[in-house]
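K.L.:
Shown below is the structure under consideration.
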Amino acid sequence: MADDTEDVELDFAADEQERARRSAVIRHPLASFFHLFFRVVAIVAYLLSDWISENFASCFVLIITLLSFDFWSVKNVTGRLLVGLRWWNQIDDDGKSLWVFEAKKASRGNNIGTEAEARIFWLGLIICPLIWICFFFTSLFSLKIKWLSLVVASISLQAANLYGYLRCKAVGEDGQHADSFTGQHLLQRPDIIFGIL
């Protein structure tokens, strides 16, 4: 049994090495790849749509399919693996829609991604909707109404994931329950958005 007066050796170097390893390593390379793959390919397909096909319907279906795969993979896979967040909607017994937001508590040895993976996750989640918003204004000012419908659908899919994960992050940091969370909370806490970058 250890004496209370005994000196304890602290190993700060091991903590620094663990922190450096955690920030540099990508533990889930496949999830990180697919987090960006579908959304980047959808943007490239939109930009090259005149070369891909002259038919608007086929380009529309291709891009919406890519963004649907992106929505599903981000919501169900990469959010949990890379940042430990997930959200979903369920219908209760009364028929009311209930949104549930969860944040996994960070602890040693859990399966949450590294800092590099979190940065990839949040940058992809924030930058791609901004690109689609730029496409919205270019198609609006160039009066390409049929392309405007595609861009609005793209923004809605990407913004839904972004909003859901921002709420998950806010609920996880504040320890609030999903029912007590208001939309104004995101505006009151800019560090939620800017702290992830």
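K.L.:
Rounded, prolate or oblate: which fits the stretch 36-173 when a ≥ b ≥ c are the square roots of the eigenvalues of the alpha-carbon gyration tensor, with rounded for a/c under 1.5 and prolate only if a/b beats b/c?
P.N.:
Here the stretch 36-173 falls in the prolate category.
K.L.:
Now a separate question. Could you work out what % of the accessible surface of the stretch 109-171 is carbon and sulfur, using a 1.4 angstrom probe and leaving DNA, RNA and ligands out of the count?
P.N.:
76
K.L.:
Here's a follow-up. Sorted by accessible area (1.4 Å probe), largest first, how do Asp92, Asp50, Asp70 line up?
P.N.:
Asp50, Asp92, Asp70
K.L.:
Just check the stretch 95-159 against the gyration tensor rule for me: Cα atoms, a ≥ b ≥ c as the square roots of the eigenvalues, rounded for a/c under 1.5, and otherwise prolate or oblate depending on whether a/b exceeds b/c.
P.N.:
oblate
K.L.:
Give, in nm to one decimal, the length gained when the segment between Leu30 and Asp50 is fully stretched (0.36 nm per residue of separation minus the Cα-Cα distance).
P.N.:
4.1 nm
K.L.:
Starting from the 7 Å offset along Cα-to-Cβ, what nm value, one decimal, do you get for the label separation of Ser156 and Asp92?
P.N.:
2.7
K.L.:
Using a 10 Å cut-off on Cβ atoms, rank the peptides 56-64, 164-172 from the highest mean neighbour count down.
P.N.:
Result, highest mean first: 164-172, 56-64.
K.L.:
Applying a 10 Å radius around every beta-carbon, put 79-88, 29-38 in order of their mean neighbour count, most first.
P.N.:
Working: 79-88: 20.7, 29-38: 17.4.
Put in order of decreasing packing, that is 79-88, 29-38.
K.L.:
Using label points projected 7 Å from each Cα along Cα→Cβ, tell me how many nm separate Ile133 and Tyr163, to one decimal.
P.N.:
1.4
The values are calculated or read from the model by the stated rules, or taken from the named source; none is laboratory data. Please read these numbers as outputs of a predicted model, since none were measured by experiment. Note that we place each Cβ from the backbone using ideal geometry, even for glycine, and neighbour counts take in every protein chain shown. What goes into the accessible areas is simple: the full protein's heavy atoms, side chains included, and nothing from ligands, DNA or RNA. Shrake-Rupley method; radii C 1.70, N 1.55, O 1.52, S 1.80 Å.
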